[in-house]
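> Quick one: this structure, given as structure tokens, is what I'll be asking you about.
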Amino acid sequence: MNLTDSIDILNGIGDKRKKLLKKVGIETIRDLLDYYPRFYEDRSVIHKINELPFDEKVTFRGYIKNIENTRIGAKVITKASVSDETGKIGVIWYNQPYLKNSISETDEYMFTGILSKKYGRKEVLSPEFEKVTDKESLSMGRIIPVYHLTEGLGQKFIRGIIKQALDGVESRGKEFINSDIRKAYGLCERNFAVDNIHFPESYDGFFMARRRLVFEEFFLLETALFALKDKNKNSKKGIKFNKAKAVDEFIESLPYSLTGAQLKVIEEIRKDISGRKIMNRLIQGDVGSGKTAVAMAAAFMAVKSGYQCALMAPTDVLSRQHYAGFKSMFEKFGINTVLLTGSLTAKERREAYASIKDGSADIVIGTSAVIQAGVEFKALALVITDEQHRFGVNQRGVLFDKGDDPHVLVMTATPIPRTLALVLYGDLDVSVIDELPPGRQKIDTRAVDSRYRERIYHFIKKHVKDGRQAYIICPMVEESEETDSKAALSYTQELKEGPLKELKVSCLHGRMKPKEKQSIMEEFARGETDVLVSTTVVEVGVDVPNANIIVIENAERFGLAQLHQLRGRVGRGKHLSYCVLITDSKTDIAKKRMDIMVKSTDGFVISEKDLELRGPGEFFGTRQAGVPELKIANIIGDSDVLKQAQEAALKISGELDKEDNIMLKKEIERFFRRDIINI
Ligand code: ADP
Ligand code: MG
């Protein structure tokens with residue numbers, strides 16, 4: 001049996017189970033072995049019946065006697081006694097009359113269940129049980145693994161096939177952490193780790209196994225990121241921009257003066273691209289800190305030096321907004337900006353492609369359509385991605401292949417806690433815009449329940465009278481754009497006919513055609529509509545400084561980072577701004593979230609809290625962050641191991657081609673299968 005074999009090779013896998021297993025991501029033997037338990041139950045201690053404690057889950061063994069079925073109404077109750085040499089207790093099962101005929105009074109069984117005392121009788125209700133045989137038991141008499149499963153798959157079944165796989169394969173994956181590192185960090189070998197993560201021999205065995213596997217995940221990730229950074233530093237020289245100084249001309253043309261932080265970051269970029277290396281820089285700046293102006297400055301330097309620049313945004317709405325912004329800033333300099341999104345007509349697209357190829361397009365703005373095959377640049381030298389948390393590492397990889405190693409600038413408003421930034425962006429240099437443009441007012445944030453809705457409508461009307469505008473963010477119904485869009489439409493209708501009758505209300509949702517979205521957004525931006533009811537499509541980047549109220553319905557459904565992004569739609573101009581979070585949820589986590597939002601407007605504080613409350617898995621949103629899913633490691637709980645893995649990765653960075661690390665290099669490629677390429 002090989003790790004790459006399909007699970008078909010195992011006994012007990014029919015079509016139905018195969019489908020269910022696929023649902024949880026298991027298709028090969030390797031997937032199965034990588035499917036680590038969620039938690040464990042200690043069934044290693046077998047109690048004597050007269051020593052069984054009450055009210056805790058315990059394991060015992062004995063013979064079943066006096067098995068009887070009684071019918072009470074529609075229910076069948078099966079009662080029996082279980083005894084060993086020390087005593088006797090009762091056991092009860094409901095609605096399993098067949099047990100009477102399948103249990104044998106001469107066989108010994110093992111049980112796991114909770115003993116309770118009812119009306120003076122000692123009884124175990126619905127214990128799990130199995131016959132004692134010579135064969136090793138996977139579910140009793142040991143520390144047993146409990147897996148995350150989907151309906152239709154049972155724990156016993158999955159334990160059984162994992163055991164089959166462990167017995168069937170010779171190696172659980174090649175050892176790829178060389179022995180020097182294993183020794184230095186006291187790590188066990190891979191085979192031992194995989195065996196013991198599924199079926200721990202002992203507590204010690206489990207801890208050793210887990211530590212090794214956690215280390216391994218971090219180590220792979222970090223080694224890969226260091227390799228990317230390294231490749232970038234050592235390989236070809238970067239394209240040199242010889243007219244970068246000209247950026248001053250652009251800065252002077254802006255209608256406002258840049259903040260110190262913006263100027264500092266522009267200077268960092270200028271240094272990068274006037275030098276010898278390829279720029280690979282992450283710009284972190286809270287919502288509203290003015291990242292767009294920095295991106296424009298960078299684009300200006302590229303174009304003035306005779307090159308093309310591509311700017312990618314995660315949504316159509318945002319691409320079009322950037323396109324409009326860049327065009328209006330750059331037309332006077334004779335710079336040609338071109339839009340390239342999935343929503344162009346075939347003719348428009350052809351024209352865009354042609355102008356990109358012949359170089360008449362200086363700046364190309366769009367969604368990931370920009371990096372699709374078929375787009376050929378004449379002289380691409382700078383790629384900027386806005387709101388990077390929406391782009392995967394893989395897309396970053398594809399970018400490198402687009403031009404002659406262009407400089408890369410990545411912008412994100414999701415302030416990432418330091419530990420996480422290292423994991424996510426270990427391959428990038430980081431700049432921080434740590435200052436907001438002057439005159440910004442703190443956004444007054446309130447959390448209220450739905451009884452306040454009337455007052456909120458009144459509040460909106462009052463501000464609209466003063467010339468302001470408002471966003472109302474609809475609840476997310478479920479993870480489906482279709483239902484969310486429907487909900488947004490009907491809610492808009494209600495508002496138009498009822499409480500906001502005298503206002504101009506429009507609706508924006510994910511199921512609209514891009515053209516429609518664009519015209520709705522533009523109307524709102526021009527102030528022709530007063531209230532924009534929207535699903536979260538306005539979440540990122542949208543910039544309408546005149547809007548000063550954002551109402552978020554069912555606020556408990558959103559994560560903190562997302563609430564912060566949404567709130568960032570207001571407070572972008574000189575008007576005092578408000579964010580109203582509506583929630584009727586009384587859960588602890590909802591209360592905590594609302595509390596944090598009301599108390600803090602600092603994106604970094606909020607993201608730290610978010611990570612704490614949600615745990616890294618959800619925070620990452622797995623693929624969304626563009627990092628391979630961490631199966632076992634926990635960025636917060638295992639931060640000490642993370643540090644060690646980073647240290648180890650740094651030690652061997654640059655030595656990936658050594659004999660000792662051949663397996664490691666292969667493993668990194670596998671780990672990033674679809675994500676990081678060409679290391
Ligand atoms: P974000 O960092 O969230 O992308 P934007 O680049 O959209 O922020 O900028 C937010 C708003 O602030 C925009 O309306 C922009 O024109 C304005 N802005 C940017 N920089 C400055 C500045 N230095 N002074 C005043 N307003 C600025
Ligand atoms: Mg932005």
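The values are calculated or read from the model by the stated rules, or taken from the named source; none is laboratory data. None of the values given here were measured: they were computed from a predicted structure. FYI the Cβ positions are ideal-geometry reconstructions off the backbone, even for glycines, and counts take in every protein chain you see. Surface areas here come from the heavy atoms of the whole protein model, side chains and all, with no ligands, DNA or RNA. Shrake-Rupley method; radii C 1.70, N 1.55, O 1.52, S 1.80 Å.
> Please work out which one of (1) more than 19 Å from Leu52 (Cβ to Cβ); (2) of a type in the set (Gly, Ala, Ser); (3) open to solvent by less than 70 Å² (accessible area, probe 1.4 Å); (4) modelled with pLDDT under 90 is the condition Ala74 fails and give its number.
Ala74 satisfies every listed condition except (3).
> Quick check, is Asn191 open to solvent by less than 10 Å² (accessible area, probe 1.4 Å), in a helix (DSSP H, G or I) and not charged (D, E, K, R)?
Values: open to solvent by less than 10 Å² (accessible area, probe 1.4 Å): no; in a helix (DSSP H, G or I): yes; not charged (D, E, K, R): yes.
No, not satisfied.
> For the subset of the stretch 276-307 comprising residues that are surrounded by fewer than 24 Cβ atoms within 10 Å (Cβ to Cβ) and polar (S, T, N, Q), which member is nearest to ligand 1 (Cβ to nearest atom)?
Thr292
> Right, next: Could you tell me whether Tyr256 is touching a residue at least 60 places away in the same chain (Cβ under 8 Å), within 29 Å of Ala298 (Cα to Cα) and surrounded by fewer than 19 Cβ atoms within 10 Å (Cβ to Cβ)?
yes
> Would it be correct to say that Gly238 is assigned to a loop (DSSP other than H, G, I, E, B) and either of a type in the set (Ser, Thr, Tyr) or surrounded by 16 or more Cβ atoms within 10 Å (Cβ to Cβ) (or both)? Before you say what the answer is, go through the steps one by one.
Working: assigned to a loop (DSSP other than H, G, I, E, B): yes; either of a type in the set (Ser, Thr, Tyr) or surrounded by 16 or more Cβ atoms within 10 Å (Cβ to Cβ) (or both): yes.
Yes.
> Can I ask one more? Can you find even one residue in the stretch 208-222 that is of a type in the set (Phe, Trp, Tyr), more than 16 Å from ligand 2 (Cβ to nearest atom), open to solvent by 50 Å² or more (accessible area, probe 1.4 Å) and within 28 Å of the chain's Cα centre (by Cα)?
The initial filter retains those residues of the stretch 208-222 that are of a type in the set (Phe, Trp, Tyr), namely 215, 218-219.
Remaining after also requiring more than 16 Å from ligand 2 (Cβ to nearest atom): 215, 218-219.
In the following step, the residues that additionally are open to solvent by 50 Å² or more (accessible area, probe 1.4 Å) were identified as none.
No, every residue in the stretch 208-222 fails to be of a type in the set (Phe, Trp, Tyr), more than 16 Å from ligand 2 (Cβ to nearest atom), open to solvent by 50 Å² or more (accessible area, probe 1.4 Å) and within 28 Å of the chain's Cα centre (by Cα).
> Have a look at Ala310, Ala302 and point out the one that is under 30 Å from Glu522 (Cα atoms), modelled with pLDDT of 85 or more and part of a strand (DSSP E or B).
Values: Ala302 fails: part of a strand (DSSP E or B).
Every option except Ala310 fails the conditions.
> If a residue counts only when it is modelled with pLDDT under 85 and either in contact with a Cys (Cβ under 6 Å, 6 or more places away or on another chain) or within 16 Å of ligand 1 (Cβ to nearest atom) (or both), which strands (runs of 3 or more DSSP E) contained entirely in the stretch 348-463 have at least 1 such residues?
Details: elements: 363-366, 380-385, 407-412, 429-433, 444-448.
Fully inside the stretch 348-463 and qualifying: 407-412, 429-433.
> Ok, one more. Tell me which residues, restricted to the stretch 579-614, are modelled with pLDDT of 90 or more and touching a His at 6+ places or on another chain (Cβ under 6 Å).
Listed by number, the list is empty, since nothing qualifies.
> I'd like to know if the stretch 38-55 contains one or more residues that are among the polar types (S, T, N, Q) and under 21 Å from Asn196 (Cα atoms). Before you say what the answer is, go through the steps one by one.
Looking only at the stretch 38-55, we keep the residues that are among the polar types (S, T, N, Q), and these are 44, 50.
Cutting the leftovers down to under 21 Å from Asn196 (Cα atoms) gives us 44.
Yes, the stretch 38-55 contains at least one residue that is among the polar types (S, T, N, Q) and under 21 Å from Asn196 (Cα atoms).
> Between Ile269, Ile273, which is among the aliphatic types (A, V, I, L, M), touching a His at 6+ places or on another chain (Cβ under 7 Å), open to solvent by less than 20 Å² (accessible area, probe 1.4 Å) and on the phi < 0 side of the Ramachandran plot?
Values: Ile269 fails: touching a His at 6+ places or on another chain (Cβ under 7 Å).
That would be Ile273, the only listed residue that is among the aliphatic types (A, V, I, L, M), touching a His at 6+ places or on another chain (Cβ under 7 Å), open to solvent by less than 20 Å² (accessible area, probe 1.4 Å) and on the phi < 0 side of the Ramachandran plot.
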